[in-house]
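First comes the structure, then the notes that go with it.
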Amino acid sequence: MSREPDIDGRTPRRFLEPPDGSNENDNDLDDLSIDDFDTSESSSGPSLITQIEGNLDLETQLLRYFDQGLSPEEAVGKLDLYTGNVPFWNLERKWYKLDEEDAARLFLYRALSSSKDYVIEDELKDGAAEHLGLNDTITENTIERISEKVEAQIGADVSHPLREIVEQLDDNEEIITLSEATADGRGEPDLVLISREMRKLAYQFIQLDRDESRITYPKWQLFKLMEIAGLCNIHPNDAEASLRFLPYFYYRDSPGFKALWNQIREYDIFELRKMYLAALERLIMVLDEYGYLPNRSDLAMDLTNLMWYGRHSTEKEKNGKRLDRDDIPHEDQPIGVEGVDQKAGSTFAFQIASVSLANVEIPVTLAAKSIQRRRSIEHQIDEMLTYAKHYVEPNIVCMDGGFYGRGMHECLEDHGLSFISRLRGRMPSIVDDLKEAGVLYDMDYNATGYDVRLGEVVPESEAKSWLITMPSKKRISRAETGTEDKGNWEVYYTNLDPEKFDGLEIGRRYRQRWAVETSYRLMKHDFTAKSASELRSQREFIANMAFIYNAMWMASNVKYAVENDRPVKDDQGRYRFTANQFMVAMLLDMEEIDIGEVRDLSVRSNIVREVFGDGYPFLLDGHPEFEN
C-alpha cells in the first residue's frame, strides 16, 4: 500500500486503519539518535519544507522536521500518524469536537510543550491550532481531558520516545529547541511591572529626610501603608494591622503610620506642597512622553469635599461623657473642616481645590491643595492657574459653582481667560425672571448681561459677562416634570458672548467636564484614605496621595496602551486596567525596589524651579490661608 499524505501533512483516513497482519505491539525498531542526522551548516535546513515520505516511525519524522527548522506545532501538524510503532488506530473515534487524529496531534503537541494547559490554550488561539489542523476552539479543560484519555489508551507506546526526543533537543543547539518553562506559564503581569515603575517615579519626590544609618523600613514598605489605606478606604493609622494579613509580613514587622508620617510632618506645608507637585509633574510627563498632554486645553477647577472622621472638642455632657462627634459645635472643629449634608456620609468634611485637564481623553489633575478658609477665593484660583499654565495654555476654564463670585471674575480677567461657572445656592433675583421667560416662550436658552462684581444686570450693548439659563437634560431625565418646571433649568455665568459663541454650546462645553467629575468620584472611592486628623498638613497629604495614585493609574494605562499598540480606552470609555486592579497590583507587589529620594526638588522638578524659585510666591502676610 503506497502512502499519499495530504499536502498539509494530514494522514489520509484509510491509513489510520491497522494494516493487514500488523502486530500492534511491534515496537522493535532500532533506537534513533539525533546524531543520525546531519546538522552541519551545509545541511542545516533547506529553504523549502519537504514532506517526509516513507515508512518512518514517529521519532524519525519529528526529528527530520525539526532538522528542517519547523516549530513543534508545525512538525506535529505534518506527521504521518500511520507508523509502525504507534497504534493511533486504537484510539476512540469521537473526542468531543475532535476526531481521533485531532486528539492524537493535540496529545503530541502537549507532550512536547513545557507550558501549562492554559498557556497552550492561548498558543492554539494565536496560530498553533492552524498548524495542527484543529478547526474548533480548544479550552484548557479540553486539552487536559483529551490528553489524559489518549495517555490512558496509547500513552505507553509514545511517551518514552517523546521524552527521548525532548532530551536530545535540549542537548543540541544546532536545531530547533523547545520553549523554556516558566514558574506559572506567564510571569509577572504587565500591570505589576508598570505600577512598580510608577512608584519609583513618584515616591522619589516625597522626601523623608532620615538618617540612612537608622532606617528600619525601606521607603517602598512605608508607602504600603498609604496603598492599602487608599485601596480599602481606611484610616492610615489602621493600615498597619491590615498589612499584617499580607503573606510578606507574616514573619516580618509591618510599619506603622507614625513611621511614615513622623518623617514627613517636620516639613512645613509649603515644602510638602512642592513634593506633591513634583511627584504629579513626573507622572504628567509620562503622559507627555506618549502624546497625551495637549499644548492647549480646557481646564476644570473644582472644590471637592473629602470626609473628615475625627473629633476635636473635649467638651463633655453634664454626666461627664464626651460629646459625640456629630454634637460638637462647628466652631470647635479644626480650621478648614466644615459641616456638610448628612447624606454625604459624614457630618464634616475638608475641601480640596484642584485643577485638571478638561474635555480631553486623559483628564489628569495638574495640582491640588487644601482650603483653609473660604475667604479670598481668588487667591486659590490664582495659585491653581499658575500651576496649570506650567503644562498647557488654557482655553476655557470651567469653574465649580463654589468659586462663583466677584473674586473669581477678577482673577480670571487678570489672567485674560475665558470662563464658564455654574451657579448654585443663592442666585441673583434676575435668574427667576430668565427662567420664567424661557418656559413661557419655549426657548432653548435665555441670557442677559450681568456683572457679578456690580451685582446687577448690565445692558446688552455694554455687557462683557452674562447669565445664561437652559433646560437640564440630566435633571429632566430624573424628574417627573419637564421644561415647564423652572427647577429643571440650570444656570451659568460666563464671559463668553452667547450670541457669538452660542448659548447651547456654552452649556455643552461645561457639561463635557463630566469626565473630571467621574474621575473625582473614582478617586474618592479607590484611592483615598480616611482622615480624622486635626493637622491640615496630614489632611492635605492624604488628599494629594489620592491625586498621585489617580495620576499613576492614568499613566499606567497610557503606557500599556501605547507600547502594545492598543487604544487607551475601549468603545465604552473604559481603561484597560481598572483603578482597583491598579491598586491591588501595586499593593501586592513585594519586590524590594530601591526608590531613592530627590534631595533638591528644584534640580529635578521644573514646576518647583520655575514657579517657586527661592520661596513660596503665593504667601500673603496675615492671610488666613496660611494658618496651619
- Query: For the subset of segment 335-352 comprising residues that are open to solvent by 10 Å² or more (accessible area, probe 1.4 Å) and of a type in the set (A, V, I, L, M), which member is modelled with the highest pLDDT?
  - Reply: I335
- Message: Could you go through segment 457-464 and let me know if any residue there is within 25 Å of H415 (Cβ to Cβ), open to solvent by 60 Å² or more (accessible area, probe 1.4 Å) and in contact (Cβ under 8 Å) with a residue 24 or more places away in the chain.
- Response: yes
- Odd one out for I506, checked against (1) within 15 Å of A358 (Cβ to Cβ); (2) under 27 Å from the mean Cα position of the chain (by Cα): (2)
- Query: Looking at segment 465-494, which of its residues are without any contact (Cβ under 8 Å) to a residue 60 or more places away in the chain, outside any helix (DSSP H, G or I) and either closer than 25 Å to D298 by Cα or open to solvent by less than 10 Å² (accessible area, probe 1.4 Å) (or both)?
  - Reply: S465, W466, L467, I468, T469, M470, P471, S472, W489
- For segment 99-114, the count of residues that are in contact with a strand residue (DSSP E or B) (Cβ under 7 Å, 6 or more places away or on another chain) and part of a loop (DSSP other than H, G, I, E, B) equals 0
- Item | Which listed residue, of D594, D565, is at positive phi, under 24 Å from the mean Cα position of the chain (by Cα) and outside the structural domain of N359 (by the TED database) | D565
- Task: May I ask you to say which residue of E361, E410, E383 is open to solvent by 10 Å² or more (accessible area, probe 1.4 Å), part of a helix (DSSP H, G or I) and of a type in the set (D, E)?
- Result: E410
- Message: Considering only residues that are within 26 Å of R406 (Cα to Cα) and among the β-branched types (V, I, T), which ones fall in segment 452-503?
- Response: V452, V457, V458, I468, T469, V491, T494
- Which one of the conditions (1) open to solvent by 20 Å² or more (accessible area, probe 1.4 Å); (2) in contact with a strand residue (DSSP E or B) (Cβ under 9 Å, 6 or more places away or on another chain); (3) not assigned by the TED database to the domain that holds G449 does M523 fail to meet, given that it meets all the rest? (1)
- Residues being among the acidic types (D, E) and under 12 Å from L201 (Cα atoms) - total across segment 257-285: 1
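Collect the residues in segment 311-334 that are outside any loop (DSSP other than H, G, I, E, B) and modelled with pLDDT of 60 or more, keeping them in residue-number order.
Of everything in segment 311-334, those that are outside any loop (DSSP other than H, G, I, E, B) and modelled with pLDDT of 60 or more turn out to be K316, D327.
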- Message: Take S465 and tell me if it is among the hydroxyl-bearing types (S, T, Y) and touching a Phe, Trp or Tyr at 6+ places or on another chain (Cβ under 9 Å).
- Response: yes
- Query: Which ones in segment 535-565 are surrounded by 19 or more Cβ atoms within 10 Å (Cβ to Cβ) and among the charged types (D, E, K, R)?
  - Reply: R536, R539, E540, K559
- Give the residues of segment 418-456 that are open to solvent by less than 20 Å² (accessible area, probe 1.4 Å) and in a loop (DSSP other than H, G, I, E, B), sorted by residue number. L423
- Task: Return yes or no: is E266 open to solvent by 50 Å² or more (accessible area, probe 1.4 Å), more than 19 Å from R199 (Cα to Cα) and in a helix (DSSP H, G or I)?
- Result: no
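Limited to segment 595-621, what total is found for residues that are out of contact with any helix residue (DSSP H, G or I) (no Cβ under 8 Å at 6 or more places or on another chain) and open to solvent by 70 Å² or more (accessible area, probe 1.4 Å)?
5
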- Message: Looking at segment 495-511, can you tell me whether even one residue there is over 28 Å from G416 (Cα atoms) and in a helix (DSSP H, G or I)?
- Response: no
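If you go through segment 474-485 one residue at a time, do you hit one that is within 17 Å of D502 (Cα to Cα) and aliphatic (A, V, I, L, M)?
no
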- Message: Looking at segment 303-310, can you tell me whether even one residue there is touching an Asp or Glu at 6+ places or on another chain (Cβ under 9 Å), farther than 25 Å from H235 by Cα and modelled with pLDDT of 80 or more?
- Response: no
- Query: Which condition breaks for E271 when tested against (1) touching a helix residue (DSSP H, G or I) at 6+ places or on another chain (Cβ under 8 Å); (2) part of a helix (DSSP H, G or I)?
  - Reply: (1)
- Task: State which residue pairs qualify: first residue on the phi > 0 side of the Ramachandran plot and inside segment 131-143, second residue at pLDDT 80 or above and small (G, A, S) in any location, beta carbons under 7 Å apart, and separation of 6 or more residues or different chains.
- Result: G133/G77
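The values are calculated or read from the model by the stated rules, or taken from the named source; none is laboratory data. These numbers were taken from a predicted model, which means no experiment stands behind them. Glycine also receives a Cβ, built like all others from the backbone with ideal geometry; neighbour counts cover every protein chain displayed. Surface areas here come from the heavy atoms of the whole protein model, side chains and all, with no ligands, DNA or RNA. Shrake-Rupley method; radii C 1.70, N 1.55, O 1.52, S 1.80 Å.
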